[in-house]
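Data block below; observations after.
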Amino acid sequence: LADVNVSRRAGYISDRAAATMTNTVRDILTGVAQCARAAEVKVPYALTHLINLILLIWMFCVASVIVVSFKYMTWLPLCILAVALYGLRGVANLLENPFAWGKEANDLSAIGEALWTTCANTHAMCAGTEKGRADIEELNAD
């Protein structure tokens, strides 16, 4: 917005164009703020449960309609529909919390501690023998 005012004062753009650009940028920023706010809102459990219930009822209703056309092959379109619709619901759940920040799923401290302990035990075991001590001293000399 500052560049628009500088360009307007320098005479590169008219007052009307500057006002239009300022309003457009303000509208874009408002839209981005609304999208960010909408992304932070969690879907209530009751709504998720209702969507799954409606999807289940709809799948039973579709089965009765599809059986007229497909007869004994009804299972094929129903499986495709179920995978597609329940898969979309699963993708929506993953998009709601993509990195699972509420869980300690990304805690690597236990893995690092186990790795360090294993390396320390290996060094202690190697240092316990004469050949292992010589190998460690040779590695440290390099």
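Determine, yes or no, whether residue 105 is farther than 30 Å from residue 49 by Cβ, aliphatic (A, V, I, L, M) and either open to solvent by 60 Å² or more (accessible area, probe 1.4 Å) or modelled with pLDDT of 75 or more (or both). Taking the combined requirement at face value, the residue does not satisfy it.
The residue that is surrounded by the fewest Cβ atoms within 10 Å (Cβ to Cβ), among those in region 1-53 that are hydroxyl-bearing (Ser, Thr, Tyr) and closer than 30 Å to residue 95 by Cβ, is 45.
The values are calculated or read from the model by the stated rules, or taken from the named source; none is laboratory data. Every value quoted in this text rests on a predicted model; they were computed, and no experiment measured them. So basically every Cβ, Gly included, is an ideal-geometry build from the backbone, and we count neighbours across all protein chains shown. Accessible surface areas use protein heavy atoms only, side chains included; no ligands, DNA or RNA. Shrake-Rupley method; radii C 1.70, N 1.55, O 1.52, S 1.80 Å.
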